[in-house]
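Report on the following structure.
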Amino acid sequence: MSILQQLQRVTLNTSIRAASPLAKALPPKLLPATARWGSTAHARTAADMQACNRLKTAFGEGRQSMGMWQMLPGANVSRLLARSGVDWVLVDCEHGNIDDGAMHDAVPAIAALGVSPLVRIPDMQSWMVKRALDAGAHGILVPLLRTPEQARELVQAAKFPPMGRRGYGSPLSAGRFHPMPTFTEYLQQANDALLTMVQIETKEALDSIDEIAAVEGIDVLFVGPFDLGNNIGHPILNGVVAPELKAAIGKILAACRKAGKKCGIYSVGGEQAKQFADEGFDMISVAADYTALEFAFKQQLSIAKGEPQPSKKGTY
C-alpha cells in the first residue's frame with residue numbers, strides 16, 4: 001500500500017469513527033480535525049486561509065506593506081528575515097542563489113513564523129509558477145513582463161479551473177497556512193487567497209501599462225526600477241534616478257490607481273523605502289539579505305578601525 005493510500009485510509013477511518021455515537025458524545029475539541037469538517041471550526045479554517053496571507057490582508061485593510069528580499073539559500077536566513085517584523089519575505093529565484101530545493105526550504109520556514117512567503121520565479125514559464133505555488137507560496141512575482149497577453153497567460157497558470165488551468169495535487173501547499181486547510185478547502189480558496197504579481201520593468205510593458213493593469217487576476221504591478229531604467233534608456237547609475245525614470249514609475253503607479261490594482265516597488269534600503277511609502281506605493285521591499293549583510297560587515301569594521309563609515313548609495 002502506498003503512503004497516499006495509507007493516509008486516505010487513516011482519514012476515512014477517522015471520519016467513520018467521528019460519525020459513531022461515541023464520537024458524537026465527545027466534546028468537539030476532543031475530535032480530530034477531519035471529524036469537525038461540518039462545524040464552525042471548518043468554516044473558520046476556510047476563511048482563515050485568506051487571513052493567513054499577510055500581504056493580501058494588508059491590501060484588504062488599505063494599509064501599506066513592507067517586506068524583505070531573500071537571495072541567499074537557507075531556512076535560517078528565511079527565519080532571520082521573517083523575524084524582522086515584516087509582512088512578507090520574497091524568495092528570489094531569478095537573481096538570487098536559490099534553486100528549487102532551497103525555495104522549498106525557505107517557503108515553509110517563512111510561513112511557520114506567520115509571515116507570507118512570496119516567490120519570484122526565474123522566468124515566465126507555467127511549470128515555474130506551479131512549483132512555487134505547490135511549495136505553498138502565498139504569491140508569485142513574475143519578472144520582465146512585456147505584454148498584456150503574457151499577463152493573461154500567467155493568470156491561467158496561477159489559477160485553478162474554471163478561472164485558469166493550474167494543476168492540482170501538491171500535498172505541501174496547504175501546510176503553509178494556519179489553521180491548515182483541507183485539500184478541498186485549499187482548492188476552493190486558493191484562487192482568492194493567493195496573489196499573482198507581475199514586474200513592470202520593460203519598455204513594452206510600460207507602453208501597455210493600462211491594458212496590463214486591467215487584466216483580471218493580476219493583483220499587483222511591481223516596479224523593477226533598475227531593469228526599467230535600463231530598458232527605457234535611463235539606467236540608474238551610482239544611485240541617481242533620472243527624471244524620465246521617475247516619470248515612468250509615476251505612470252505605473254497612476255495606472256494601478258486607475259485600474260484598482262496594487263502597486264509595489266523594489267527599494268535598496270530603509271531610507272528609499274520610506275520615500276516610496278510617502279509616494280503612496282502599496283508594497284515596498286526594504287532590504288535584501290546579501291547587500292544588507294555586506295554593508296553591515298563593512299560598517300562595523302570601519303567603526304572598529306575608526307574610519308569613515310561606508311555609503312550604501314548606488315547599491316542594490
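The values are calculated or read from the model by the stated rules, or taken from the named source; none is laboratory data. Being a predicted model, the structure only gives us computed values, none of them experimental. As a convention, Cβ positions derive from the backbone with ideal geometry for all residues, glycine included, and neighbour counts pool all protein chains shown. Accessible surface areas use protein heavy atoms only, side chains included; no ligands, DNA or RNA. Shrake-Rupley method; radii C 1.70, N 1.55, O 1.52, S 1.80 Å.
Can you report the number of residues in the stretch 199-211 which are hydroxyl-bearing (Ser, Thr, Tyr) and open to solvent by 10 Å² or more (accessible area, probe 1.4 Å)?
Counting residues in the stretch 199-211 that are hydroxyl-bearing (Ser, Thr, Tyr) and open to solvent by 10 Å² or more (accessible area, probe 1.4 Å) gives 1.
Is it the case, given these coordinates, that ARG79 is assigned to a loop (DSSP other than H, G, I, E, B), of a type in the set (D, E, K, R) and either touching a strand residue (DSSP E or B) at 6+ places or on another chain (Cβ under 6 Å) or open to solvent by 30 Å² or more (accessible area, probe 1.4 Å) (or both)? Working first, answer last.
Details: assigned to a loop (DSSP other than H, G, I, E, B): no; of a type in the set (D, E, K, R): yes; either touching a strand residue (DSSP E or B) at 6+ places or on another chain (Cβ under 6 Å) or open to solvent by 30 Å² or more (accessible area, probe 1.4 Å) (or both): yes.
The answer is no for ARG79.
So which residues in the stretch 214-230 are open to solvent by less than 30 Å² (accessible area, probe 1.4 Å) and either in contact with a strand residue (DSSP E or B) (Cβ under 8 Å, 6 or more places away or on another chain) or within 17 Å of GLU153 (Cβ to Cβ) (or both), if there are any at all?
If the condition is that a residue be open to solvent by less than 30 Å² (accessible area, probe 1.4 Å) and either in contact with a strand residue (DSSP E or B) (Cβ under 8 Å, 6 or more places away or on another chain) or within 17 Å of GLU153 (Cβ to Cβ) (or both), then VAL215, GLY217, ILE218, VAL220, LEU221, PHE222, VAL223, GLY224, PRO225, LEU228 are the ones that fit.
Here are the criteria: (1) open to solvent by less than 10 Å² (accessible area, probe 1.4 Å); (2) touching a residue at least 60 places away in the same chain (Cβ under 8 Å). Tell me which single one GLY175 does not satisfy.
All conditions are met except number (1).
Give all pairs with beta carbons closer than 8 Å in which a residue from the stretch 145-160 that is free of Cβ contacts under 8 Å to residues at least 40 places away in the same chain and over 12 Å from ILE212 (Cα atoms) meets a residue that is of a type in the set (S, T, N, Q) and surrounded by fewer than 21 Cβ atoms within 10 Å (Cβ to Cβ); count only pairs at least 6 apart in sequence or on separate chains.
GLN156/SER126; ALA157/SER126; PHE160/ASN191
With the structure loaded, tell me whether VAL119 is at pLDDT 95 or above, within 21 Å of PHE222 (Cα to Cα), assigned to a helix (DSSP H, G or I) and within 15 Å of the chain's Cα centre (by Cα) or whether it fails that test.
The answer is no for VAL119.
Being buried (at least 20 other Cβ atoms within 10 Å of the Cβ) and hydroxyl-bearing (Ser, Thr, Tyr), is that true of even one residue in the stretch 183-198?
Checking the stretch 183-198: at least one residue is buried (at least 20 other Cβ atoms within 10 Å of the Cβ) and hydroxyl-bearing (Ser, Thr, Tyr).
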